[in-house]
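Quick note: the coordinates plus some simple rules give every number you see, no bench work behind them. Every value quoted in this text rests on a predicted model; they were computed, and no experiment measured them. When we count neighbours, we look across all protein chains shown, and the Cβ atoms used for this are built from the backbone with ideal geometry, even at glycine.
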Amino acid sequence: MNSEPLSKAETESLIASARESRDHAFVVRSGHKIGAAILTTSDEVFGGCNTEAYITGLGTCAERSAVDHAVAHGKYNFRAVVTVDSELTYPCGACLQYLLQFYQISGEDIYIIVADLSGNSEIKSLMECLPYGYLTKSNLEKLRDYESAKHTSRG
């Protein structure tokens, strides 16, 4: 896991960001709002929320929304992700696998923080939550070099 744990202030800031993002969730089918926020290794925070569609499979989980928000800003290295729900809700398997792809860039574990609306929270590592996820071998160097390669390939 990342050698430096999150401070109380960092954790509270992430939870606040996820709570704010949760307010914007688009949950036309279930009404079940979830917010997320991701902390980059450069200490930037990006929020995300779940987005539902009437056609099954077209929605996005809050955690992947937060990751995609960070990626849209050129960030690929993460320290932590937090979810906020009405109860303590860990990321689904698809979201954990999505995070595992980014874990491979730095090789540093990612903190998974779950918080509820009553102020309760828990923290685990990504590897605790997904100990046997798929790790690429054939594309590992390409994955690790992606950030530097994308900046040099622009014409």
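Computed values, structure above
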quantity	calculated
Size-normalised alpha-carbon gyration radius of the range 35-107, reference 2.2 N^0.38 Å	1.07
P(r) weight above 20 Å for the chain, C-alpha pairs, percent	48 percent
Listed residues 107, 93, 57, most fluctuating in the chain (Gaussian network, C-alpha, under 10 Å)	57
FRET efficiency for residue 54 and residue 142, using Cβ-Cβ distance with R0 set to 35 Å, rounded to 0.05	0.40
Calculated from backbone phi, Karplus (6.51, -1.76, 1.60) coupling profile of the range 40-54 in Hz, x at Gly/Pro	7, 5, 9, 6, 9, 10, 10, x, x, 9, 6, 10, 9, 9, 6
Estimated distance in nm for a label pair at residue 72 and residue 23, the labels positioned 7 Å out from Cα along Cα-to-Cβ	1.9 nm
³J(HN,Hα) computed for each position of the range 78-93 - Karplus, 6.51 cos²θ - 1.76 cosθ + 1.60, integer Hz, glycine/proline x	10, 9, 7, 9, 10, 10, 10, 9, 5, 9, 5, 10, 6, x, 5, x
When the convex hull of its Cα atoms is projected in every direction, mean area for the range 69-155 (nm²)	6.5 nm²
Computed helical MRE - 222 nm, the chain, DSSP H runs ≥ 4 contributing -39500 (n - 2.57), nearest 500	-11500 deg cm²/dmol
